[in-house]
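Written below as structure tokens is the structure these notes are about.
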Amino acid sequence: METKGNKKLITGIIAVIAVVFTGAGVSAESGLGTFRDTDGLWARFRVEDVCTPEAWQKNPEKCVEFYNMRRQETLTAEPNLAHKAIAHLEKVF
């Protein structure tokens with residue numbers, strides 16, 4: 001590293017960045033419900049009733065119940081190949 005004025009210049013370093021964009025669908029293969037599928041979460045719950053500040057003000061117990069249900073589902077799920085690939089990328093980068 002060399003200094004030029006008040007700026008430090010980094011030489012000889014190549015930075016590689018990996019970014020993964022995904023959504024709820026990546027966990028469907030693990031048995032977790034998606035949000036927008038025909039049998040998804042929003043087919044069974046109204047987003048306005050469980051996932052908004054207004055829903056929390058109106059019925060916090062219902063919101064907590066919804067998220068507790070989601071947490072419970074994750075306890076029985078196993079990582080799928082996509083999850084494992086993302087975890088591998090995290091180690092590599």
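See the values below:
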item	result
In the stretch 29-50, the residues that are surrounded by 14 or more Cβ atoms within 10 Å (Cβ to Cβ), of a type outside the set (Val, Ile, Thr) and farther than 24 Å from residue 82 by Cβ	45, 49
Among the residues listed as 93, 66, the single one being at pLDDT 90 or above and at negative phi	66
Of the criteria (1) β-branched (Val, Ile, Thr); (2) out of contact with any Ser or Thr (no Cβ under 9 Å at 6 or more places or on another chain); (3) surrounded by 10 or more Cβ atoms within 10 Å (Cβ to Cβ), which one residue 74 fails	(2)
Sole residue being without any contact (Cβ under 8 Å) to a residue 24 or more places away in the chain and out of contact with any strand residue (DSSP E or B) (no Cβ under 9 Å at 6 or more places or on another chain), chosen from 78, 48, 73	48
Any hit, the stretch 57-65, residues being open to solvent by less than 90 Å² (accessible area, probe 1.4 Å) and within 28 Å of residue 90 (Cα to Cα)	no
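The values are calculated or read from the model by the stated rules, or taken from the named source; none is laboratory data. Note that the structure is a prediction, hence the values are computed from the model and not measured. Cβ sites come from the backbone with ideal geometry, for glycine too, and all protein chains shown count toward neighbours. These area figures cover heavy atoms from the full protein model, side chains too; ligands, DNA and RNA do not enter into them. Shrake-Rupley method; radii C 1.70, N 1.55, O 1.52, S 1.80 Å.
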